[in-house]
Amino acid sequence: MGDKNIEIRCLEKVIKYSKSQHGESKRIIDLLKGKDVERDFDERPDFVKISKYNGNDVLVGIEHFQIDGFSKKNKYGKYAGSTIKHENEVKRIFEKYHKDIIHDHNQMVLNNSMQEVAEHICESLKYSELKTYVQFISNFDEKLSNHIKNADIYFKSVENLNNNNLPIKMIVLIEVKNNFSGMFINEGKNTKKLTENVVPLFLDIVYLLETIDSKKFDYIILSLGGDIHKQPNIIAIPTGNVRSHLQKRNIKVYNYFGYDRFLPEDLSKWKDLNINSLIKNDSDEFNIDFKFSGDILNVSARMSLMFCGYYLSYNARKIKSNFINDSIVQLLLDVYTEYLIDWHFIEHDDIYLVKPLFVVDDNELLNKKIEEFKIKWDLIQKNEDEND
């Protein structure tokens, strides 16, 4: 049983931000708007409602779960999310200090509040730096498997409440929290940089959704990304042959070719990462500087992983497939491809790697193109920080 407030907020959010839905997607989401069936507070599935479908009453069971991209394995080997923890910490700091700061203008209180804010940001940055795509998908797989294996229990619980012998519809409602800010989304010849709290629909997620038994769940509703300032992307489809349903609705699906895709699940790009803050108070303005320390994945290993992402991106672009990259793989694709003459494939201990072969006859021109790429995508400061 999850946090009921989180479940209710997700349900309300999906209804609120799905007004543009039409056709079958709208009919699926409208099932969430029904009247709650009275039962014990902690019973499964999370919601049972009497709703309308094509004008007829139906009994709807809704099971919600949240995928938190800012997760790490706990001591029991299960993924535990941190997004809710961080949201609660922000709320705690605000409630602790805001009245004193507004009414008393107490400098000591202000300094203490900024110190707690800085410490919280350090912890949030650490989660963000250590998370990987592999862990995100593994977490999704774990959570989905744990819920769909109980499908028979959910259905039986709903069936026991079906006093009027209504048709039963079962829905899995999946809320996905993550941040792919700064990644590059490629659609045909078009490229754009992702903003904060946007979660694309990845092909790896689609593969997992296709494991849901259409005989046990009728519909999938996804709430991807979003926060208090940004609407989530709402997707509602029947189970079974998920890719076909997405294609009919012109919903785009993306491969992920960032280099962390190729990391083992138990590794990130950092080892023993520490993030410290330094607060500078200049008149009425606070500035916080952050210092990163730790062992980063060595350059040779990172480049090997990036070349794998580059190779897949290069071939995906040729067939106009949708995909997402990190900034270095995108740089290779947009700038270095002009100098690409061949690929060298390497096999070592059952590991297959690929290395691009470039011929550069004008280093000055290449460096100019690299700088133009950085300026275009506002990467100069970011890359300087990474090299420090």
Count of region 175-193 residues which are more than 12 Å from the chain's Cα centre (by Cα) and either surrounded by 21 or more Cβ atoms within 10 Å (Cβ to Cβ) or in a loop (DSSP other than H, G, I, E, B) (or both): 5
Exactly one of (1) farther than 17 Å from ILE234 by Cβ; (2) under 31 Å from the mean Cα position of the chain (by Cα) is unmet by ASN54. Its number? (2)
The residue from ILE228, ILE234 that alone is in contact with a strand residue (DSSP E or B) (Cβ under 9 Å, 6 or more places away or on another chain) and either polar (S, T, N, Q) or assigned by the TED database to the domain that holds MET183 (or both) is ILE234
On the given criteria, is PHE307 buried (at least 17 other Cβ atoms within 10 Å of the Cβ), over 30 Å from ASN111 (Cα atoms) and in contact with a Ser or Thr (Cβ under 9 Å, 6 or more places away or on another chain)? no
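Could you pull out the residue among LYS374, LYS368, LYS355 that is in a helix (DSSP H, G or I), without any contact (Cβ under 8 Å) to a residue 60 or more places away in the chain and touching a helix residue (DSSP H, G or I) at 6+ places or on another chain (Cβ under 6 Å)?
From the options LYS374, LYS368, LYS355, the qualifying one is LYS374.
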Quick check on my filter: what residues within region 276-313 are of a type in the set (A, V, I, L, M) and modelled with pLDDT of 80 or more? LEU278, ILE279, ILE288, VAL299, ALA301, MET303, LEU305, MET306, LEU312
Looking at (1) surrounded by 10 or more Cβ atoms within 10 Å (Cβ to Cβ); (2) modelled with pLDDT of 95 or more; (3) hydrophobic (A, V, I, L, M, F, W, C), which one does ILE319 not meet, given that it meets all the others? (1)
Filter region 221-239 down to the residues that are in contact with a His (Cβ under 6 Å, 6 or more places away or on another chain) and exposed (fewer than 15 other Cβ atoms within 10 Å of the Cβ) and list them by number. none
Checking LEU365 against (1) under 26 Å from ARG261 (Cβ atoms); (2) surrounded by fewer than 15 Cβ atoms within 10 Å (Cβ to Cβ); (3) not hydroxyl-bearing (Ser, Thr, Tyr), which test does it fail? (1)
Could you tell me whether any residue of region 203-220 is surrounded by 21 or more Cβ atoms within 10 Å (Cβ to Cβ) and under 18 Å from THR132 (Cβ atoms)? yes
Can you find, within region 126-142, the residue that is farthest from VAL176 (Cα to Cα) among those that are in contact with a Leu (Cβ under 9 Å, 6 or more places away or on another chain), surrounded by fewer than 21 Cβ atoms within 10 Å (Cβ to Cβ) and at pLDDT 70 or above? GLU129
Residue satisfying all of: in region 240-260; outside any strand (DSSP E or B) and touching a Leu at 6+ places or on another chain (Cβ under 8 Å); surrounded by the fewest Cβ atoms within 10 Å (Cβ to Cβ) among these: LYS252
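The values are calculated or read from the model by the stated rules, or taken from the named source; none is laboratory data. Values in this document were obtained by computation on a predicted structure and should not be read as measured data. Using ideal geometry, Cβ is built from the backbone for each residue, glycine included, and neighbour counts are taken over all protein chains shown.
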